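One structure is given below, encoded as structure tokens.
The values are calculated or read from the model by the stated rules, or taken from the named source; none is laboratory data. Quick caveat, the model's predicted, so the values are computed rather than measured. A quick note on method: Cβ atoms are made from the backbone with ideal geometry, for glycine too, and the neighbour counts reach across all protein chains shown. These area figures cover heavy atoms from the full protein model, side chains too; ligands, DNA and RNA do not enter into them. Shrake-Rupley method; radii C 1.70, N 1.55, O 1.52, S 1.80 Å.
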Amino acid sequence: MDMSGLTGEIIEKLSDPVAILDRDGNVLAANSYFRKLYNPSNDPNRKKPCAELIKLNSHVHTSSDATASEWMVLGPLQQKLDVSLYSLESFIPGCNLSLCLVKVGEAEFETGELAWSHEVTQSFARAWKVFSDDLSSEFDEIQGEDVTLRLALQSAQKAAKTDLPILIRGESGTGKELLGRAIHRLSPRSKGPFVDLNCAAIPESLIESELFGYEKGAFTGASREGKKGLFDQANGGTIFLDEIGDASLPVQSKLLRVLQNSQFIRVGGTTNVTVDVRIISATNKELDSLVREKRFRDDLYYRLNTITITMPPLSKRGSDVRLLADFFLSEHSQRTGKTYSFSEEVLRIFESFPWPGNVRELKSMVEYAATMTEQPEIGPESLPFSMFLERPDPDRDRPFSGSFHPDLTGNRFLPGVIEDVEKTLIEKAIKLSRNRSDAIRMLGISRRTFYKKIKQYHLDDSRLS
């Protein structure tokens, strides 16, 4: 993992102006508060901070002092500020970096109470240790270098060594099942079975027979030999309760009983069956809200969330979008024997896309583009049109509670909507294309129709050759 990228992610979470300097005084990373004071990336001729700061940095690397402080003018405020440097060698052996902290008044930055103390450096060192510790190869399937993701995986690695229930939270497509399987493989139960149960998919009429099995002749149509249920199958291993937030109240009740006692009675049976299973559950719902709404049992909730791990959405994972896109494209190339790459334009589109379906949606988009492309370099014309449409506000997904009054006076309501969508798509194609031929291929229309629509909607295509 890139050291400057990782340090940048960590210090961005601190409430003080903070920067990381290398041994020569170069600014490797700085958080937003520090960049307001001094941002060398905005001035190519100033790759290093002021001479006083370089001198201070040199002092902590060449003397026996692990810290040094000085009042100096730093950046556009043109006032003296209290600047301190801490050698990270004291906290991270072999690390030739220093941490620069700037003390400013609340009035300038409005950052609230400043955490101005030596503890900031210690917090950084602790965070560095968490993020730089090696992850088990069992997590290799979960690609990404984002700090929030890495922190979730570090928590999962620690939790895997216990036998405590784990609740994995996250939006659809963030990799909750992948994480559940990785935890199982890393756990002492790795040699036992991993049984995946989709709680939302079990019909209530089959709850007991699916979960706990049945004895022979238990009901009409039952197998003569009887059948083991999912908890029986998971004995000695892990049961993964997927979509637990969508489980009906009867399903929740049945689950609670076996979680409390590790026992159940098969349908048609009379004796208790004891099982030894580890519970990992996953949901994209806010279970605490469902508990308040009486749609989820609070006693089941408290049994499931002993350890909670949240998988971050792709929209919050920064540069991981490019990393994952290249990873999935490489997988596709290995399967098909054809080598592809993404144009810079496509990667920028990927980075600006909201990815409501998260990693799963990105993988599908990559597969689509690699299948549709006719060139080794995948351009925007190979992407589905859905990527160029404006995404609706999330509130629009809620049931419509107002009144809808379309104009029924003959003013062509539906054609007007169609024209708006058509105009939007053509504008997007013009913006994303290098020339008119690219735009025409992207839209899938004839050249004659393209020029006709440009004229009809009074669009400007002058930037295209």
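Structure notes:
- Test result for A282, in contact (Cβ under 8 Å) with a residue 40 or more places away in the chain, open to solvent by less than 70 Å² (accessible area, probe 1.4 Å), within 17 Å of L167 (Cα to Cα) and not β-branched (V, I, T): yes
- Test for S136: is it farther than 16 Å from F327 by Cβ and open to solvent by 40 Å² or more (accessible area, probe 1.4 Å): no
- Residues of region 69-95 that are surrounded by fewer than 19 Cβ atoms within 10 Å (Cβ to Cβ), in contact with a helix residue (DSSP H, G or I) (Cβ under 7 Å, 6 or more places away or on another chain) and modelled with pLDDT of 65 or more: E70, M72, I92, C95.
- Any hit, region 354-363, residues being open to solvent by 60 Å² or more (accessible area, probe 1.4 Å), modelled with pLDDT of 90 or more and assigned to a loop (DSSP other than H, G, I, E, B): yes
- Tally of residues being part of a helix (DSSP H, G or I) and either surrounded by fewer than 20 Cβ atoms within 10 Å (Cβ to Cβ) or at pLDDT 95 or above (or both) across region 301-323: 7
- Test result for G236, within 33 Å of the chain's Cα centre (by Cα), more than 20 Å from D276 (Cα to Cα) and either charged (D, E, K, R) or at pLDDT 90 or above (or both): no
- Here F450 fulfils each of the conditions (1) surrounded by fewer than 17 Cβ atoms within 10 Å (Cβ to Cβ); (2) at pLDDT 75 or above; (3) assigned to a helix (DSSP H, G or I); (4) over 37 Å from the mean Cα position of the chain (by Cα) apart from (1).
- Residues (among the hydrophobic types (A, V, I, L, M, F, W, C) and in contact with a helix residue (DSSP H, G or I) (Cβ under 7 Å, 6 or more places away or on another chain)) located in region 313-347: L314, V321, L324, A325, F328, L329, F342, V346, L347
- Taking region 331-350 as the range and being exposed (fewer than 15 other Cβ atoms within 10 Å of the Cβ) and closer than 21 Å to T174 by Cβ as the test, only E331 passes.
- As a summary of the residue check, S262 satisfies the conditions (1) crowded, with 19+ Cβ neighbours inside 10 Å; (2) on the phi > 0 side of the Ramachandran plot except for the one numbered (1).
- Residue count, region 287-300 (criterion: touching a residue at least 40 places away in the same chain (Cβ under 8 Å) and outside any helix (DSSP H, G or I)): 3
- Taking region 285-300 as the range and being farther than 14 Å from V251 by Cβ and open to solvent by less than 20 Å² (accessible area, probe 1.4 Å) as the test, only L287 passes.
- Which listed residue, of R396, R412, is modelled with pLDDT under 80, open to solvent by 60 Å² or more (accessible area, probe 1.4 Å), under 24 Å from E351 (Cα atoms) and not aliphatic (A, V, I, L, M): R396
- Number of residues in region 176-208 that are crowded, with 20+ Cβ neighbours inside 10 Å, small (G, A, S) and part of a helix (DSSP H, G or I): the value is 2.
- Subset tally (residues that are open to solvent by less than 30 Å² (accessible area, probe 1.4 Å) and outside any helix (DSSP H, G or I)) for region 224-242: 9
- Number of the condition not met by L164 [criteria: (1) assigned to a helix (DSSP H, G or I); (2) in contact (Cβ under 8 Å) with a residue 40 or more places away in the chain; (3) hydrophobic (A, V, I, L, M, F, W, C)]: (1)
- Scanning region 284-332 for residues that are among the aromatic types (F, W, Y) and in contact with a strand residue (DSSP E or B) (Cβ under 9 Å, 6 or more places away or on another chain) turns up just one, Y301.
- The residues of region 262-279 that are free of Cβ contacts under 8 Å to residues at least 24 places away in the same chain and in contact with a Phe, Trp or Tyr (Cβ under 8 Å, 6 or more places away or on another chain) amount to a single one, N272.
- Exactly one residue out of G245, G173, G144 is in a loop (DSSP other than H, G, I, E, B), open to solvent by less than 20 Å² (accessible area, probe 1.4 Å) and either at pLDDT 85 or above or under 15 Å from I309 (Cβ atoms) (or both): that is G173.
- The listed residue being in contact with a Cys (Cβ under 6 Å, 6 or more places away or on another chain) and under 30 Å from F350 (Cβ atoms), out of E243, E286: E243
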